[in-house]
Amino acid sequence: MDNIILIVAGVAIGAIIGFVIAKVMEKNNASKLIKNAKKTASAILREANNEGESIKKDKILQAKEKFIELKAEHEKVILSRDKKISDAEKRTRDKESQVSNELSKNKKLNASLESKDKDFNHKLDILEKKQKELDRLHKSQVEQLEVISSLSAEEAKSQLIESLKSEAKSDAMAYVQDKLEEAKLTAQQDAKKIIINTIQRIGTEEAVDNCVSVFNIESDDVKGRIIGREGRNIRAIEAATGVEIIVDDTPEAIILSCFDSVRREIARLSLHKLVTDGRIHPARIEEVVKKTQKQIEQEIIEVGKRTVIDLGIHGLHPELIKMVGRMKYRSSYGQNLLQHSREVAKLCGIMAAELGLNSKLAKRAGLLHDIGKVPDAESDMETPHAILGMQWAEKYGEKAEVCNAIGAHHDEIEMTSLLSPVIQVCDAISGARPGARRQVLDSYIQRLKDLEDVAFGFNGVKKAYAIQAGRELRVIVESEKVNDQNAADLSFNISQKIQTDMTYPGQVKVTVIRETRAVNIAK
C-alpha cells in the first residue's frame, strides 16, 4: 500500500514536473516567435519607408517637370502678348505719323485751294463782264438784223423751224420708204429660204388610198363557204360591217369595197378570223364582227399614243389621242389624214424653230389642226372642221395659241398668235405636193357619206351603208319600230329625198331590210 502511494506520488510529481517543463518550453517558443515577428515587421517598415521615399522622389520630380512645362508655356503666352502689344504700338506710331503727314498735306492743300479760289473768283468776274459785253453786242446785232430783214427775232425763228421740219419730214419719208422696200425684199427672201429648208428636211410620201381591199384566200372552195347557203353568210357579213363583198372569178381573192377604211379593215379582219376558225354562220359572223370592232377601237388608241410619242408631244387628253388614232382611217382629198397631220406637225416644228417660236406648241397645233375631220355622233356636220376642231381643243384644255391656230388655218376666225400663220402655211405645203391629194376621190367619198346621212334622217333606221360605188343604199331598220308596210314606205321616201336633195350619176337603188329573229336555248 505504501509502495502504491509512493508510486502514485511519484507519477503525480513527474506529471507536474512535465507540465512545468512544457510551459517553460512554450514560453521560450513564444518569445522566439515574437522576436521573429518584430524582425519581420521592422524589415517591412524599412522596405515601406524605402518605397515611400522613392515614390516621394518620383512625385517631386514629376511636379518639378510639370512646373517647368507650365512655366515655359506661361513665358510663351507672355512673349506673344508682349509681341502683340509691341506690334499694336508700332501700328499706332505709324498711324500717328501718317495722320500728321496728312494733316501737313491738308494744310498745304487748303492753302493752295484758297489761292485757286481767289483766282477763280477773279476769272469769274472777268467772264461776267465779258458776258455782259457779248449780250450788249448780240442785242445790237439783232436790232440791226431786224431793221435789215424787216422781221422780228421770233418770226425769223419760227420760219427757220418750219423749214427744218419740212426738210426733216421729207428726209424721214425717204428713209422710211427705203427701209420698207428693203424689208419687203428681205422678208420675201427669208420666207422662201425658211420654207425651202423646211420642205427639204421632211421626207414625204405620195398618198395611196383606195376604196377597195383584196382579201386573199387559199382556194376557191372558201368562196362558197363565205357565200353560204342561198347567200345568207355574205348577206350577214355585209349587214354587220356595211362593206360590199364582191365574189367573182378572180382566183384566190375576194374584193371588199367601201369608202370607209375603218369598215373595210373590220370586214377584212373578221373574214380572216372566220376563215381561220372555219365556223361561218350568221350568229358567229355577228360575234366576230363585234370583237373585231373592239379590237379596232383599241388599235386606234394605240396608234394615237404611238403618234404623239413619236412627235414628242406630252400631256394630250385621252379623247384627243383617240381622235388622232382615228385619223389613220380617214382621208382628206385622197390623202391619208394621219400621215398629213404628222407631216404638218413636223413641218410646223421645224418652221417654228427657224422663226424662234415654241416648236413644241407648233407641233401640237400641227397634229391637231384637222381633228375636226374626224366627227363623232354628237358633232354638228354643218360646222366647218376648223371651228369644230378648235371647239374640241378648247373643251379638252389646250392652250389658247393652239386653239386659235386650229380654228384659223382656213381663215374662219382671226389669227391672234404667230403660230396660226405657221400652221396655215405648213398645211398648204403638205397638201400642195404633187400626188398628195385627189379631189375626185374626196368628192366621191363625200357623196357616199351624204347618201348614208339621208337614210339616218328617218326614224327607225338602225344602220345605213352606201355600196356598189354609191349605186345602192342598204338600210337596216329596227323591227320593233318599223313594220313591213312602213319599210316599203321608208324605201320610197328615202329614194324621193335622194332624188330631190342630191346630185349623182346614174341611179341609186334603196333597199330597206327588216329582220326578225326568234332565239331559244335548249338545256
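The values are calculated or read from the model by the stated rules, or taken from the named source; none is laboratory data. All of these numbers come straight from a predicted model, not from anything done at the bench. Heads up, the Cβs are rebuilt from the backbone with ideal geometry, glycines too, and the neighbour counts pull from every protein chain shown.
Of the candidates 359, 331, 341, the single residue that is without any contact (Cβ under 8 Å) to a residue 40 or more places away in the chain and buried (at least 24 other Cβ atoms within 10 Å of the Cβ) is 341. Return a yes/no flag: does the stretch 513-522 have any residue that is surrounded by fewer than 17 Cβ atoms within 10 Å (Cβ to Cβ), in a helix (DSSP H, G or I) and at pLDDT 80 or above. No: zero hits. Looking only at residues in the stretch 481-501 that are surrounded by 13 or more Cβ atoms within 10 Å (Cβ to Cβ) and touching a residue at least 40 places away in the same chain (Cβ under 8 Å), the one that is farthest from residue 466 (Cα to Cα) is 497. Can you name every residue in the stretch 261-306 that is in contact with a Cys (Cβ under 9 Å, 6 or more places away or on another chain) and farther than 16 Å from residue 238 by Cβ? Hit for the stretch 261-306 is 261, nothing else.
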